[in-house]
Structure formats: C-alpha cells, structure tokens
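Student: I'd like to ask some things about the structure below.
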Amino acid sequence: MSETCQIVCGHCGRTNRLPVERAPEAARCGACHQALFTGHPIEVDAEGFQRHVANSEIPVLVDVWAPWCGPCRAMAPMYERAARELEPKVRLLKLNSENAPGLSSRLNITGIPTLLLMRGGREVARHAGAMDARSIVAWTQAGLTGS
C-alpha cells in the first residue's frame with residue numbers, strides 16, 4: 001500500500017488522500033473534481049481555516065488581513081505571486097479579520113497584515129507587516145526549515 005498525504009480542497013473543503021508518488025500539481029479533488037492546487041491563495045472563514053489547519057498534512061501559510069487596510073491591499077498581489085512559488089508544498093490561505101473577529105482574537109492578531117505559518121496544527125512562525133513576494137517565500141522557507 002502506498003503512502004498518502006492529506007490535502008483539503010480549496011473549493012469544496014473535503015479532505016483528499018493524495019498518494020505521495022503522484023504529482024500534486026495535477027491532483028484533483030475526489031468530491032468536486034476541481035484542481036487541488038491552483039497557484040492562488042484561498043479565501044477562508046473561521047471554519048475553513050480550522051479545516052485546513054487541522055486536516056492538511058502540508059504546511060499552511062495564512063495572511064490575516066482586512067479590506068480597509070492599505071498595507072494589506074498593497075501586499076495582496078505579492079502574496080498571490082508567492083502562492084505560485086510555494087504551492088504545492090505549502091497551502092496559502094487568506095483570512096479576513098473583519099469576518100472572523102473571534103478567530104483573530106484567539107490567534108492573538110494585534111496588527112495586520114500578519115502572516116502565520118502553521119504546521120501540524122500549530123503555529124511555527126509569525127510576521128506582522130507587509131512583505132514583497134520574494135520576502136514572503138524566503139520567510140516561509142526559513143520558517144519551515146527551522147520548525
């Protein structure tokens with residue numbers, strides 16, 4: 001029997017078991033048949049955040065932001081570019097703090113934008129403030145090698 005890696009679908013939220021020998025770039029969800037990786041961050045609410053963090057066996061990078069935040073809006077295209085480089089080794093999520101104030105509070109978000117790097121259901125790194133795409137990728141990779 002082959003080894004598998006659990007990946008949460010960004011479209012329907014179902015957890016998929018992906019054989020490790022299979023190319024993740026071509027993988028599709030068994031439930032909705034959409035691509036599991038698109039090279040774009042996934043907008044999530046509190047429930048989606050919990051599902052991805054608890055059920056994905058790959059690291060999860062979360063951008064906690066708000067629509068009224070200038071630095072958040074400035075960083076959005078950089079985060080989008082970083083997704084193209086980091087996927088499929090890392091799942092990128094966007095969490096609107098205005099829509100999930102309880103979760104933002106539980107995560108101790110004191111300023112935005114804040115990047116959270118999660119692995120195995122726990123936070124392994126945090127950065128507050130905007131970054132460019134190259135810095136996001138480098139920071140994420142450094143956080144993963146240090147965890």
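The values are calculated or read from the model by the stated rules, or taken from the named source; none is laboratory data. Please read all numbers here as calculations on a predicted model, not as lab measurements. Every residue, glycine as well, gets a Cβ built from its backbone with ideal geometry; the counts of neighbours run over all protein chains shown. The area values use the complete protein model at the heavy-atom level, side chains included, leaving out ligands, DNA and RNA. Shrake-Rupley method; radii C 1.70, N 1.55, O 1.52, S 1.80 Å.
Student: Rounded to the nearest percent, how much of the accessible area of the chain (1.4 Å probe, protein heavy atoms only) is carbon and sulfur?
Tutor: 49 percent
Student: Can you run phi through the Karplus equation (6.51, -1.76, 1.60; θ = phi - 60°) for region 58-70 and list ³J(HN,Hα) in whole Hz, with x for Gly and Pro?
Tutor: 9, x, 10, 10, 10, 9, 8, 9, 8, x, 7, 8, x
Student: Would you kindly enumerate the cysteines in the chain that have no other Cys beta-carbon under 4.7 Å from their beta-carbon?
Tutor: If one checks each Cβ against the other cysteines of the chain, CYS5 turn up with nothing under 4.7 Å.
Student: As I understand it, the value is the acute angle between the Cα axis of helix 133-145 and the longest principal axis of the Cα atoms of the chain; what does it come to in degrees, rounded to 10?
Tutor: With both axes taken from Cα atoms, the answer is about 60 degrees.
Student: Using a 1.4 Å probe, what is the accessible area per residue for region 1-133, in Å²?
Tutor: 51 Å²
Student: What residues have an amide H closer than 5 Å to that of GLN6, excluding those fewer than 5 places away on the same chain, when H is modeled at 1.01 Å from N in the peptide plane?
Tutor: It is LEU18, GLU57, by chain and number.
Student: Connecting C-alpha atoms closer than 10 Å in a GNM of the chain, tell me which of ALA46, ALA125, ALA23 has the biggest fluctuation.
Tutor: Among ALA46, ALA125, ALA23, the largest GNM mean-square fluctuation belongs to ALA23.
Student: A further question follows. Pick from ASN55, ASN108, ASN96: which is most flexible by mean-square fluctuation in a GNM of the chain where alpha carbon atoms under 10 Å apart are linked?
Tutor: Result for the chain, Cα springs under 10 Å: ASN108 fluctuates most.
Student: Another question, then. Would you calculate a helix-derived [θ] at 222 nm for the chain, using -39,500 (n - 2.57) for each DSSP H run of n ≥ 4 and dividing by the full residue count, to the nearest 500?
Tutor: -9500 deg cm²/dmol
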